[in-house]
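Heads up: the structure comes next, in structure tokens.
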């Protein structure tokens with residue numbers, strides 16, 4: 001096994017969640033080589049409404065053609081929003097690697113247990129974030145919505161600033 005295999009095993013032993021590509025490595029990129037890779041970039045501040053719903057920035061909505069997606073926790077304290085296709089590709093890769101070690105199996109189990117399907121409401125692309133996720137990640141009022149190439153991330157502003165290591169979370173806005 002090459003360098004990527006070694007890294008995958010090291011990350012699997014460390015117990016980190018595999019949904020952030022750490023375990024997936026090159027295998028995930030190989031699945032994407034057939035095309036269809038959407039590039040999501042930019043950072044925006046939006047507000048959750050009283051029911052915990054978020055209007056997705058217009059620049060991100062086109063990636064969600066099916067008007068559906070999946071929310072999953074990020075190890076650093078935010079939430080990933082993935083398209084149906086992206087979540088399916090990731091699940092396909094995980095299903096191949098999840099029985100390679102108890103750590104990989106537990107990471108896959110944690111991802112499946114803590115992910116939620118979402119449907120977009122209305123023409124504004126509004127999604128409801130489950131109360132359990134809002135509470136766990138401190139999401140209320142203003143949130144940061146940021147592209148991360150193949151998925152969208154949703155953060156409490158102070159957590160996003162801490163993860164980036166700088167005082168200003170937003171570079172451009174909507």
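Reported count of residues in the range 45-67, each being assigned to a strand (DSSP E or B) and surrounded by fewer than 21 Cβ atoms within 10 Å (Cβ to Cβ), is 6.
With the structure loaded, tell me whether residue 134 is over 20 Å from residue 49 (Cα atoms) and crowded, with 19+ Cβ neighbours inside 10 Å or whether it fails that test. Reasoning before the result, please.
Working: over 20 Å from residue 49 (Cα atoms): no; crowded, with 19+ Cβ neighbours inside 10 Å: yes.
Here the answer is no, as residue 134 does not meet what is asked.
Here residue 160 qualifies as touching a strand residue (DSSP E or B) at 6+ places or on another chain (Cβ under 6 Å), touching a residue at least 40 places away in the same chain (Cβ under 8 Å) and outside any strand (DSSP E or B).
With respect to (1) surrounded by 15 or more Cβ atoms within 10 Å (Cβ to Cβ); (2) modelled with pLDDT under 95, the lone exception for residue 149 is condition (1).
Rundown of residues vs (1) modelled with pLDDT of 90 or more; (2) within 15 Å of the chain's Cα centre (by Cα); (3) surrounded by 19 or more Cβ atoms within 10 Å (Cβ to Cβ), yes/no style:
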residue: 38; (1), (2), (3): no, yes, no
residue: 42; (1), (2), (3): yes, yes, no
residue: 69; (1), (2), (3): yes, yes, yes
residue: 80; (1), (2), (3): yes, yes, yes
residue: 99; (1), (2), (3): yes, no, no
residue: 110; (1), (2), (3): yes, yes, no
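Answer with yes or no whether residue 124 is modelled with pLDDT of 95 or more and closer than 15 Å to residue 46 by Cβ. Walk me through how you get there before you give the answer.
Working: modelled with pLDDT of 95 or more: no; closer than 15 Å to residue 46 by Cβ: yes.
Spelling it out, it is not the case that residue 124 is modelled with pLDDT of 95 or more and closer than 15 Å to residue 46 by Cβ.
So, residue 117, is that one part of a strand (DSSP E or B) and under 15 Å from the mean Cα position of the chain (by Cα) or not? Yes: the conditions hold for residue 117. Does at least one position in the range 88-107 carry a residue that is assigned to a loop (DSSP other than H, G, I, E, B), in contact with a helix residue (DSSP H, G or I) (Cβ under 6 Å, 6 or more places away or on another chain), closer than 16 Å to residue 44 by Cα and touching a residue at least 24 places away in the same chain (Cβ under 8 Å)? No, the range 88-107 has no match at all. Every listed requirement among (1) more than 16 Å from the chain's Cα centre (by Cα); (2) over 20 Å from residue 61 (Cβ atoms) is met by residue 163 save one, (1).
Number of residues in the range 82-97 that are within 21 Å of residue 128 (Cβ to Cβ) and surrounded by fewer than 16 Cβ atoms within 10 Å (Cβ to Cβ) equals 1.
The values are calculated or read from the model by the stated rules, or taken from the named source; none is laboratory data. Just so it is clear, the model here is predicted, and its values are computed rather than measured. Quick reminder, even Gly has a Cβ in these numbers, built from the backbone with ideal geometry, and neighbours come from all protein chains shown.
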